[in-house]
1. Scan GLU3, GLU36, GLU67, GLU57 and give me the residue that is loosely packed, with under 12 Cβ neighbours inside 10 Å and of a type in the set (Asp, Glu).
2. Before we move on, is ILE70 part of a strand (DSSP E or B) and either modelled with pLDDT under 90 or in contact with a helix residue (DSSP H, G or I) (Cβ under 7 Å, 6 or more places away or on another chain) (or both)?
3. Quick test for you: out of PHE52, PHE42, pick the one residue that is in contact (Cβ under 8 Å) with a residue 40 or more places away in the chain, surrounded by 12 or more Cβ atoms within 10 Å (Cβ to Cβ) and part of a helix (DSSP H, G or I).
4. I'd like to know if segment 89-100 contains one or more residues that are out of contact with any His (no Cβ under 9 Å at 6 or more places or on another chain), open to solvent by 50 Å² or more (accessible area, probe 1.4 Å) and charged (D, E, K, R).
5. I'd like the full set of residues that are touching a helix residue (DSSP H, G or I) at 6+ places or on another chain (Cβ under 9 Å) and not charged (D, E, K, R), limited to segment 39-64.
6. If ASN91 satisfies every condition in (1) in contact with a Lys or Arg (Cβ under 8 Å, 6 or more places away or on another chain); (2) assigned to a loop (DSSP other than H, G, I, E, B) but one, which is the exception?
7. Could you please give the count of residues in segment 70-100 that are free of Cβ contacts under 8 Å to residues at least 12 places away in the same chain and among the hydroxyl-bearing types (Ser, Thr, Tyr)?
8. Just one of (1) surrounded by 12 or more Cβ atoms within 10 Å (Cβ to Cβ); (2) at pLDDT 90 or above trips up VAL17, so point out which.
Amino acid sequence: EEETLMRYQSMYDDEEVNYDLLLDLVRYIDKSSYGEGAILVFFSGWREISEFALLLETTPPFNNCAEYLIYPLHSGIPSKDQRKVFAKPPNGVRKIVLSTSE
């Protein structure tokens, strides 16, 4: 495990978001979790949120809006759109929230 971590750290910049790894992680959480529930991902800013939202919206199975709702959440989004994040999705639909910690 430590060798794998060392190889990863030598290949990737810690200051950049590894979107491929993050996509794999969201896939894993989606497939391995039981029942319904939201997935919450924190980013450092709007650029990272919008890039990952675009990736999810163009990647199966997350591009299926009948099964996944993707919500960016940032202070720059109108408050009426921010409130949508708190609505319970229909049965069988997973909500994915992309937010900043600020």
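The values are calculated or read from the model by the stated rules, or taken from the named source; none is laboratory data. Just so it is clear, the model here is predicted, and its values are computed rather than measured. Note that we place each Cβ from the backbone using ideal geometry, even for glycine, and neighbour counts take in every protein chain shown. These accessible areas exclude ligands, DNA and RNA; they are computed on the full protein's heavy atoms, side chains included. Shrake-Rupley method; radii C 1.70, N 1.55, O 1.52, S 1.80 Å.
1. None of the other options fit; the residue is GLU3.
2. Taking the combined requirement at face value, the residue satisfies it.
3. PHE52
4. The answer is no; no qualifying residue exists.
5. Correct list: ILE39, VAL41, PHE43, PHE52, LEU55, LEU56, THR59, PRO61, PHE62, ASN63.
6. Of everything listed in (1) in contact with a Lys or Arg (Cβ under 8 Å, 6 or more places away or on another chain); (2) assigned to a loop (DSSP other than H, G, I, E, B), ASN91 misses just condition (1).
7. Summing the residues that are free of Cβ contacts under 8 Å to residues at least 12 places away in the same chain and among the hydroxyl-bearing types (Ser, Thr, Tyr) in segment 70-100 gives 1.
8. It is condition (2) that VAL17 fails.
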